[in-house]
1. Please go through region 210-232 and give me each residue that is within 16 Å of the ligand (Cβ to nearest atom) and part of a loop (DSSP other than H, G, I, E, B), ordered by number.
2. Does His185 satisfy the criteria of being within 16 Å of the ligand (Cβ to nearest atom), assigned by TED's automatic domain parsing to the domain that holds Thr125 and part of a loop (DSSP other than H, G, I, E, B)?
3. Of all residues in region 406-433, which are over 19 Å from Tyr40 (Cβ atoms) and hydrophobic (A, V, I, L, M, F, W, C)?
4. List the number of the failed condition for Gly177; all other conditions in (1) at pLDDT below 95; (2) away from the ligand (no atom under 14 Å from the Cβ); (3) at negative phi hold.
5. Counting just the residues of region 376-398 that are under 16 Å from Leu409 (Cα atoms) and among the β-branched types (Val, Ile, Thr), which one comes out nearest to the chain's Cα centre (by Cα)?
6. Let me spell it out: the conditions are (1) assigned to a helix (DSSP H, G or I); (2) within 30 Å of Gly346 (Cβ to Cβ), and Leu207 meets all of them except one. Which number is the exception?
7. Can you say whether Asp79 is surrounded by fewer than 15 Cβ atoms within 10 Å (Cβ to Cβ) and outside the structural domain of Phe300 (by TED's automatic domain parsing), as far as the supplied structure shows?
8. Every residue in region 188-247 that is more than 28 Å from Ile372 (Cα to Cα), surrounded by 19 or more Cβ atoms within 10 Å (Cβ to Cβ) and small (Gly, Ala, Ser), please.
Amino acid sequence: MSDTARPNTPSLDSYWMPFTANRQFKKAPRLLAAAEGMHYTTDDGRRVLDGTAGLWCVNAGHGRRQITAAVERQLSTLDYAPSFQMGHPIAFEFAERLAAIAPGGPEAKLDRVFYTGSGSESVDTALKIAIAYQRAIGQGTRTRVIGRERGYHGVGFGGISVGGLVNNRRVFPLLPGTDHLRHTHDPDRNAFTRGLPAHGAELADDLERLVALHGVETIAAVVVEPVAGSTGVLLPPKGYLERLREIATRHGILLIFDEVISGFGRLGTPFATDYFGVTPDIVTTAKGLTNGTIPMGAVFVKRDVHDALMTGPEAAIELFHGYTYSGHPVACAAGLATLDVYAGEGLLTRGAALAQEWEDAIFTLKDAPNVIDIRTIGLVAGIELASRPGAAGARAYDVFLDCFHKGLLIRVTGDIIALSPPLIVEREQIGEIVSVLGDALASAG
Ligand SMILES: Cc1ncc(COP(=O)(O)O)c(C=O)c1O
């Protein structure tokens, strides 16, 4: 729709949109004006089924009154308070509640929580905590951080340095002293596998290779997404995460799981850490933490790692790090209400009950034109398409546009379609997602 057809909408010129082809978008904008439950409403009044929980964040669905009410209450009680050398009760209350459901369960004790404002900030915070920890235990030469190809860890300089997406990296200078494991995506051996891929656990041995290359005394931490989301839903091969854990432990390297997407019920367990039964030392989260309502992230840290930094003179600040909005009271209120909604409706585990049905429904697209792989876990799906010759990404983008016009929001990355509906999704809506997507695939050419 052109601007002239929208007489009452603002000019689109001033807003420089993130991760968007701005000029293309502004010629044919897609505007979402309202949301409720599983649906968005566009500015021209069409209902669109949310197949992506916003951006993997609206896990309890849209317009949750309990969260709105908590935010309103908090805004009119304590709108903002500094968190440097000052505190406010709700930040402590929220951390205590988060600690109670911390990744890995009560045994793992990742029950020290550092607040941030986003996933990117959570990642940079985790990397800094890891390096500070190594220094605190007398391993100050360990400053190198290892990521993985095809990893996405947000857009801070730390995150893009350990991340593995060329477009996010090629223009910018990166942190010195980073390196990468190879990615685990291997469609030749694993295409259309139901469940975790059978092949590729040995790729975790790349960490051994990097230890041999750089020297163990230089490596502070390794960070991976247990399930890579933004780069196209890449599942860890069977045994891979266990092997990575074992190698990291053996070499005194901290293991960080980036759970910005997988946290808060996405896989049918509270965290991916719980799903895989592999416990890292640090877990990064954001997104579902507040159901996407108020920007916030939280880094869960193993108690030993935290305690190692609680040394030195008592009057000394232990970690020179934090944000103006760390522990923002309104975000904490949104987060507490979100946890109540999750608990009240069993949403952190609801995905487990639907996962098989979800998988079966998505796999009906196996024979749709140009589908070359399907991967599902919990309430996530990746559907990989063959690229058009010389036009990588074009086919999936056409499918995305067609779905949107047919009333379904999906996400695409390159030629991979990613689905991650709110965890309140009903069976009929799973059917609708598959049916609309199937039509769009059939007509994409
Ligand atoms: C695994 C992972 N880490 C970090 C981020 C960055 O989060 P944010 O966009 O909130 O900075 C994302 C965002 O999608 C993500 O998927």
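1. Listed by number, the residues that qualify are Glu225, Pro226, Val227, Gly229, Ser230, Thr231, Gly232.
2. yes
3. Ile416
4. (3)
5. In this case the residue turns out to be Val380.
6. (2)
7. For Asp79, the condition - surrounded by fewer than 15 Cβ atoms within 10 Å (Cβ to Cβ) and outside the structural domain of Phe300 (by TED's automatic domain parsing) - is not met.
8. Ala220, Ala221
The values are calculated or read from the model by the stated rules, or taken from the named source; none is laboratory data. Note that the coordinates shown come from a computational prediction; the quantities given were computed from them, not determined experimentally. A quick note on method: Cβ atoms are made from the backbone with ideal geometry, for glycine too, and the neighbour counts reach across all protein chains shown.
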